[in-house]
1. Hey, can you grab everything whose amide H is under 5 Å from the amide H of A:Ala265? Only 5+ residues off in sequence or another chain; H modelled, so Pro and N-termini drop out.
2. Rounded to the nearest whole Å², what accessible area per residue is found for the stretch B:115-248 with the 1.4 Å probe?
3. Specify the inter-centroid distance of the stretch B:204-264 and the stretch A:246-275, based on alpha-carbon positions, in whole Å.
4. Using a label point 7 Å beyond Cα on the Cα-Cβ vector, give me the inter-copy distances for A:Lys187 in nanometres, one decimal, shortest first.
5. Go through the stretch A:283-297 and flag every residue whose accessible area shrinks by 20 Å² or more with all protein chains in place compared to the isolated chain (probe 1.4 Å).
6. Read phi for every residue in the stretch A:411-417 and hand back ³J(HN,Hα) as whole Hz from Karplus 6.51 cos²θ - 1.76 cosθ + 1.60, θ = phi - 60°, with x for Gly and Pro.
7. Hey, what number do you get for the protein assembly as shown at 222 nm if only DSSP H runs of n ≥ 4 count, each worth -39500 (n - 2.57), divided across all residues, to the nearest 500?
8. How much of the DSSP bridge set in chain A is antiparallel, in percent, rounded to the nearest 5?
Number of protein chains: 2
Amino acid sequence: MINDNFVIKGDICYSKSLTDLECIKNGYLVCKDGVSEGVFEKLPAEYIDLALIDCSGMLVLPGMVDLHIHAPQFTFRGIGMNLELLDWLKTYTFPEEIKYKDPDYARVAYRDFVKKMKKSATTRAVVFSTIHRQSTEMLMEMLEESGLITYVGKVNMDREAPKALKENDAETSLEETVAWLSDISGKFPHTKPIITPRFLISCTDELLEGLGKVAREYDLPVQSHLSENPEEVKLVHELFPTASCYGDGYDMYGLFGKDVKTVMAHCVYSTDEEVDRILNNGVFVAHCPTSNMNLASGIAPIRKYLNLGIKVGIGTDIGAGESESMFRALCDAIQVSKLYSRLVDKAYKPLAFEEAFFLATMGGGEFFGKVGSFEKGYEFDAVVIDDFELSGLNDFPLRSRLERAVYLEADTMYLSKKFVKGREVKADYGNQYFD
Amino acid sequence: MINDNFVIKGDICYSKSLTDLECIKNGYLVCKDGVSEGVFEKLPAEYIDLALIDCSGMLVLPGMVDLHIHAPQFTFRGIGMNLELLDWLKTYTFPEEIKYKDPDYARVAYRDFVKKMKKSATTRAVVFSTIHRQSTEMLMEMLEESGLITYVGKVNMDREAPKALKENDAETSLEETVAWLSDISGKFPHTKPIITPRFLISCTDELLEGLGKVAREYDLPVQSHLSENPEEVKLVHELFPTASCYGDGYDMYGLFGKDVKTVMAHCVYSTDEEVDRILNNGVFVAHCPTSNMNLASGIAPIRKYLNLGIKVGIGTDIGAGESESMFRALCDAIQVSKLYSRLVDKAYKPLAFEEAFFLATMGGGEFFGKVGSFEKGYEFDAVVIDDFELSGLNDFPLRSRLERAVYLEADTMYLSKKFVKGREVKADYGNQYFD
């Protein structure tokens, strides 16, 4: 049997909805066949014979879902924060991504990335690689071994990039994509492909049209970037004069929701029309607050999106975000929402802690199905955080202990156990880097 | 001899001015009698007989200067981030600070705080305690033992606070202050008193007048809060109808620079008149970006202050800031400056990394004298960070290694050594909490 059946005892916190955060001290969380049977204050008799994993006194939380992260940018995270998007891509990102043509470079670089992800509180991630087929497959193989469940996209780019990081033409890019899908077909039960036009700027109409067809033919989801930076948006309109909004450039080729599950990162500068389209097409927004600060992009109006009923998750966006910590990204989401409310539009209330926690778990989790909660029927992703060293003098309520653990990024230091779909991911969590 | 004479070899980074960050790989940093003799690429013959501390491959930086931190709020850091200033004080802060009347509570709480400070990259701090004389003295004793150099202020409050956190009247508050100064007179060479009206709201005119006299009579510096939050500023004007600006309320009683060295935290809503006064009176601004996000205060216009030539340092402002990490506060300063430039006034350029690093070291260091640099003649405060585990695949320039170490808050995990005025502070740096 792939998945064990077991019970975790501990101080259990999870979202039931955007505003309803359940916190049960000394509770029991039951896993059967990789799925949660729910959380109980007393263990029901029917589960009494299951193995008990005693995490008493520790925080037991749903695994974090990172809805937007660039694996090849891990090598230069926390460096070069002095530029805005387009110049940052040219100066730091593209030169680095070129290196992933070399499988030897990619092997070592992706090994470091995957180790870090394995030791993080993240259980699910939606990942960009580069344009390179071989190193993308290598990354997928490593992620599969890690125990995480991910979507990974070989990136498509056929213009507006250095020659060494550009596929010759749309046809080559599409051929490589299909060859990639063929190579990995049936190979990775937990590491799935996702169609990944880098952003509108780096793709010709012909490439986008082809990618739309591939997405439908192979029944694959789509990820990309949307309305991140003013200069980027301006260039999009020059390159796509007939698109009524940035999102329309994807939508006209079937790469923007509806039947194709889609996640778009950023959405800082989405127009009213684009926001309507995001909502009506059921596109997920990957909110990346850290990245949006670092590249001076601005602040996405997440409260507005939530009020409308748009699906929102959180992304670390390594390397424009410096850290793989979803706790950090979650706090940043709260902090920038306070600045948005103060500086831009006070009609939009800041995100409450409960809401940001929901976004980092259930919000992004929905991209993977029933993921991100411990409600009965949700896939069993859990992390255990030993927050004893953060406890201090006062006996705070569990809700406050959770808030502190998140604000102090306990995921980077005090992770104790991790389960993905019921399978334990074993790692030397205390040691941040080396196994 | 109190201070050793020695040489540190390592990868040395320090500010020479706001914009000039010197980075010398495999350099030599010489300490004589607690003062820097400068940094050398080759060790001059005259120092060849000094003890050599080999920190090759590690970052050697000036100690961080935390210009604003509340010791009693360490117990509830990272909790209760849902309110703005005045409600936050009433709901979380005042009830906690009341507990410091009990010396047994204060002893344990301050022990945790001082341990954390000792293990941080901070070598100097300007600290608030509470109104309580006995526990303030306890805190000073512990800080003295820690090896850090600090200013500590017994807080004065005689109105607009719960009865249990209010001194009976101005006279009592002043008597307690003088008694405190008498108790500690000559006792602590590295832990100095600072006059600390909590903020204008919590002090009557009579108390402020008396504190101004005490400051002059004892030749003491002053710390307080200034123009942090709109509701606070409004209440100040109701309570001080004759004050032309918030700062004028301090200035009319001699508590705002000129002959009295003064640091004011926040300055988010300072009017033009107040900004002029800050500049002309030589008042230091303690910029607390993390706190200003958490309490939804806003963003202080630091670029404007720097353009004018105002003295600026950085504060963590625990507990409205959640972390004691000055690296975190330094990054937050950069990040919010980008949002200020984007959302408020693009005429004010974001802070460069070099500039924020200067603020966290030399900028705040000036409050302590010649502190915060390795230029010849500066007091020898240094921290050594073992950033090996952050190094990754690429051989980045030292400047980039420093940037990454700061962005990834290497101070919280990879501190290896710390020196304050030439004296080594020994601690179990790897272990975050317990000795």
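The values are calculated or read from the model by the stated rules, or taken from the named source; none is laboratory data. What you are looking at is a predicted structure, and each value in this text was computed from that prediction instead of being measured. Every residue, glycine among them, receives a Cβ derived from its backbone with ideal geometry; neighbour counts consider all protein chains shown. Just so you know, the surface numbers come from the protein's heavy atoms only, side chains and all, with ligands and any DNA or RNA stripped out. Shrake-Rupley method; radii C 1.70, N 1.55, O 1.52, S 1.80 Å.
1. Residues meeting the amide H criterion: A:Ser224, A:His225, A:Leu226, A:Ala286.
2. Details: 4590 Å² over 134 residues.
Accessible area per residue: 34 Å².
3. So the two Cα centres are separated by 53 Å.
4. 7.0
5. Listed in order, they are A:Met293, A:Asn294, A:Ala296.
6. Computed from phi, the couplings for the stretch A:411-417 are 5, 7, 10, 10, 5, 10, 8 Hz.
7. Values: 28 runs with 282 residues, N = 870.
Calculated from helices alone, the mean residue ellipticity at 222 nm is -9500 deg cm²/dmol.
8. Beta bridges within chain A, antiparallel portion: roughly 40 percent.
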